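Below is one structure, written out as structure tokens; comments come after it.
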Amino acid sequence: MKDPQDPGNNGLERASNESVSGSPATSADLSSSPQVPLIGPDSPRRLDVEPDSPMAVVVSLAHLSTGVRLAEFQAIAGLFLTDVIEKLRYAEGDKIYYHATFTETAGRFITARDGLLPEKDDFVDPWTSTGFVLEDRALDGSDDAVSSTGTATDDGETGESIVEQPLAPPAAPLPNFPKFGLHKSFNSWVHDIATREEIAELTTVLGSTSNGAYNEITNAVTLAFGLPKFLQRCLAGEFTIEHVLAATRAIKDVAFEYLPRLDAYLGDRRADITMETFKKSLNLKIAALVPVDDRPNWPRSVAGSTS
């Protein structure tokens, strides 16, 4: 994989510079923010550990370990997306390619598919954003605006006349998230786009197998692009890397159209629960959202959650 030219890239959707609810906190942001206790009733996970207990040291190390793994996921996701954009030749030379976030793109396609069109000013045609224009797409009226300006009259006095002045054309909406499709999952998205060279380089860096490299990329992009609200809570210390892996493994085969709702669910989910409860409740939520016909390749633990 080529090293992105922006070393400060945090691996999130650099194209829009924002996520679902604004720019999520990064590891660097958290280090400069006021310190949040890792244990006690005011801690993100409400851990009941004595401050002078040896377990408090383990809590601190586990927190640091999770932070490093999250930073690794963000870096891998950003690097993979950068390579995808370069490979597809979406941008010329060294220009930055700005695109809509994954969640924004999903909203466009769901809105267009279901016909629940909001105000015209708010609606972005997903097919227009990929270069295809819908045949029945109506054109807006003139962009010209009427304004009053002072002009000189024949007798030298200043009068008022109405002059039409064209306004600057509105900024075009950002293009969709690369290679987006409502039917796709992040697992299939990665396997469709990744090249042997990219996988070989990552296996060398991680010291893993090819399957391990694919899983690492898939987990990274699922978290960084598909679950931005959940990622923000993880960066805030509410969940550990074990919660992250459980979530990404359960969601990586879920179709894109369901991910915004799963991210919203994880964005509000209680953090002070056992891992067993976290996994079970997430699998039940996925099974409730996704029709049976849409889960042919799911792991048995998820596909059988409703039985």
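The values are calculated or read from the model by the stated rules, or taken from the named source; none is laboratory data. Keep in mind the model is a prediction, meaning the values are calculated, not measured. So basically every Cβ, Gly included, is an ideal-geometry build from the backbone, and we count neighbours across all protein chains shown. Accessible surface areas use protein heavy atoms only, side chains included; no ligands, DNA or RNA. Shrake-Rupley method; radii C 1.70, N 1.55, O 1.52, S 1.80 Å.
Restricting to region 220-264, name every residue that is basic (Lys, Arg) and farther than 18 Å from Ile286 by Cα.
Arg233
Just checking, does region 62-77 include any residue being of a type in the set (A, V, I, L, M, F, W, C), open to solvent by 70 Å² or more (accessible area, probe 1.4 Å) and either touching a Leu at 6+ places or on another chain (Cβ under 9 Å) or modelled with pLDDT of 85 or more (or both)?
Yes.
Among the residues of region 261-287, write down those that are part of a loop (DSSP other than H, G, I, E, B) and open to solvent by less than 50 Å² (accessible area, probe 1.4 Å).
Arg269, Ala271, Ile273
Within region 172-193, track down each residue that is assigned to a helix (DSSP H, G or I) and farther than 16 Å from Asp83 by Cβ. Can you show your working first?
If we filter region 172-193 for residues that are assigned to a helix (DSSP H, G or I), which is where we start, we get 186-193.
Within region 172-193, Asn187, Ser188 qualify.
Anything in region 209-230 that is part of a helix (DSSP H, G or I) and within 9 Å of the chain's Cα centre (by Cα)? List them, or say none.
Residues satisfying the conditions are Val221, Thr222, Leu223, Ala224, Phe225, Gly226, Pro228, Lys229.
Within region 179-201, is there a residue that is touching a Lys or Arg at 6+ places or on another chain (Cβ under 6 Å) and closer than 23 Å to Ala246 by Cβ?
yes
Yes or no: region 70-77 includes at least one residue that is over 30 Å from Glu198 (Cβ atoms) and of a type in the set (A, V, I, L, M, F, W, C).
No - not one qualifying residue is present in region 70-77.
For Thr130, all conditions in the list (1) at pLDDT 55 or above; (2) within 31 Å of the chain's Cα centre (by Cα); (3) of a type in the set (S, T, N, Q) hold save one; what is the number of the exception?
(1)
Filter region 232-255 for residues that are of a type in the set (A, V, I, L, M, F, W, C), more than 24 Å from Val59 (Cα to Cα) and in a loop (DSSP other than H, G, I, E, B) and give the result. I'd like the intermediate steps shown before the answer.
Applying the first criterion (of a type in the set (A, V, I, L, M, F, W, C)) to region 232-255 yields 234-236, 239, 241, 244-247, 250-251, 254-255.
Imposing the further condition that a residue be more than 24 Å from Val59 (Cα to Cα) reduces the set to 250-251, 254-255.
Val254, Ala255 - these are the residues of region 232-255 that are of a type in the set (A, V, I, L, M, F, W, C), more than 24 Å from Val59 (Cα to Cα) and in a loop (DSSP other than H, G, I, E, B).
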